[in-house]
Amino acid sequence: MSKELIETGTIYPIPAAQRYGSARDLFTIWFGGNLMILTVTTGSLTTTVFHLSLLPALCALVAGNLCGGLLMALHAAQGPALGVPQMVQARGQFGTWGAAFITVLVVLMYVGFTASNLVLGSSTLDLLSPALGHVKTVVLIALLCVFPALAGYRALHWAGKLGTILGAVAIALCGFSFLTAGPTFAQATHCAPSDTLVHFLGAFSIIALWQIAFAPYVSDYSRYLPDTAEGTRKAFIATYAGSCLGAFLPMVIGLVAGIGLATNGSVIGALASQLGWLTWPVFAAFTLGITGPVGMNVYCGTLSLLSVLQTFLPRYHFGSRWRIGTTLTLYGLATWAALFMADGFLQSYLEFMDMLMAIMVPWTAINLVDYYLIHHGSYQVSAFFEPDGGRYGRVNISAMFCFFLSLAAQIPFMSGHLYTGPFARLLHGADLSWVVGLLVTAPVYWLLANKFSFQTSSHIG
């Protein structure tokens, strides 16, 4: 049973002898991986952007995490059965070339998340050491986080355990500070005029997306669990509980910190002003705990990019050296982006989340329908790596049609700084495009997939 320090496996199936993962490790990697400043900032959107008061914002946090987390955890249950990264498994739904197209978008998404984490990590470090400046703090945070991404699976689990401990300390200190704030915290419970259904739905959507955005890499960690019914069940439960609870707690901190804060204000600054003398230990814990989340984003972005390369060079073996080299490349790109993202971060991050919503929803709907309702978890994994895609072909026209159909259906319901669709305007700016995307994609794909088998002309190759 190999437990190497530097992971040697990349995008290829994990042999049964190396299935040494555990549900406890899955819980901590998702619980600890959510205890970070970026999660705090996401929670603050409920009060800074959507202007909800405490009780409606809490309801949005609970509902968004439970609904989005359910979809995310259903993907996690696929890992033990197939033993490959999530975006390699997407070849069973989209074909090899079709999956490569979707995967490139996923790579860009996780580079964006990495850059966002580096920006907020540098902001917390800047409050602790103002003399360093933005460039130095970004570089220091990047250097702090690089080892888990390079070492791979086991190091990322260690980082998850560290993040769980540090994040729990930070959350406890924040909770103590808020509960002893007296009138300031009590005022947060008062209802605001902006507590409307439209604002609630907008906040709920952003929180649900936070969980859905993990879906393209959640099987990257559960693939090390044993291929048994118990392994699948534990992967689902540990991932669902760890991610929902780990996200909810820091989001509550962001929610309270954001009350009364202007949309373009600094959530980190507001949190620091409320923490007072606790600022240093809380921000130090969040800064050190960011190593796991940043490493996870880069690691899974690397596996995704290697799967794209393997699609067009199917006879070449992409081993650990390729993983390390690709990791450094993506990490460098994210660091470069972080150096230019500080200004107007909150609005830019919200627009980024809106873009992710449009991309992730059709992919997750197609994947879940295909896995649970069409194939019932039974795939020929070896065909994922055949030059012509084997029985799954190069392009599944049904899946690609549904993907672009979903994007087209979402456009009128999108609401953002750059574009607001006609139906979104009728809903006073509420962005329900992701709900429309799910309702369109899932049934249409189910009908097409049942009508056209994988051996018909619905596949190219």
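The values are calculated or read from the model by the stated rules, or taken from the named source; none is laboratory data. Here the structure is a predicted model, which means the values were calculated and not measured. Backbone-built Cβ (ideal geometry, glycine too); neighbour counts: all protein chains shown. Calculation scope for accessible area: heavy atoms of the full protein, side chains included, ligands and nucleic acids excluded. Shrake-Rupley method; radii C 1.70, N 1.55, O 1.52, S 1.80 Å.
Couple of notes before you dig in:
- Flag if ASN367 is at pLDDT below 90 and part of a helix (DSSP H, G or I): no
- Verdict on THR164 being buried (at least 24 other Cβ atoms within 10 Å of the Cβ) and either of a type in the set (S, T, N, Q) or not in a helix (DSSP H, G or I) (or both): no
- Unique match (being within 30 Å of ALA424 (Cβ to Cβ), among the β-branched types (Val, Ile, Thr) and open to solvent by less than 10 Å² (accessible area, probe 1.4 Å)) among ILE259, ILE212, ILE290: ILE212
- Elements of type helices (runs of 4 or more DSSP H) in segment 11-109, at least 2 residues being under 18 Å from the mean Cα position of the chain (by Cα) and within 30 Å of ALA338 (Cβ to Cβ): 23-34, 37-48, 54-76, 86-89
- Condition met for LEU108 (without any contact (Cβ under 8 Å) to a residue 60 or more places away in the chain, more than 19 Å from THR10 (Cβ to Cβ) and open to solvent by 10 Å² or more (accessible area, probe 1.4 Å)): yes
- Residue pairs whose Cβ atoms lie under 7 Å apart, separated by 6 or more positions or on different chains, with the first residue in segment 65-77 and touching a residue at least 40 places away in the same chain (Cβ under 8 Å) and within 14 Å of LEU245 (Cα to Cα) and the second open to solvent by 40 Å² or more (accessible area, probe 1.4 Å) and among the hydrophobic types (A, V, I, L, M, F, W, C), are ASN65/PHE248; ALA73/PHE236.
- Residue within segment 25-46 that is touching a helix residue (DSSP H, G or I) at 6+ places or on another chain (Cβ under 8 Å), of a type in the set (Gly, Ala, Ser) and surrounded by fewer than 23 Cβ atoms within 10 Å (Cβ to Cβ) present: no
- Where a residue in segment 114-138 is touching a residue at least 40 places away in the same chain (Cβ under 8 Å) and its partner, wherever it lies, is crowded, with 16+ Cβ neighbours inside 10 Å and among the aromatic types (Phe, Trp, Tyr), with Cβ under 7 Å and at least six apart: SER116/TYR349; VAL119/PHE345; THR124/PHE283; THR124/PHE286; LEU127/PHE283; LEU128/PHE283
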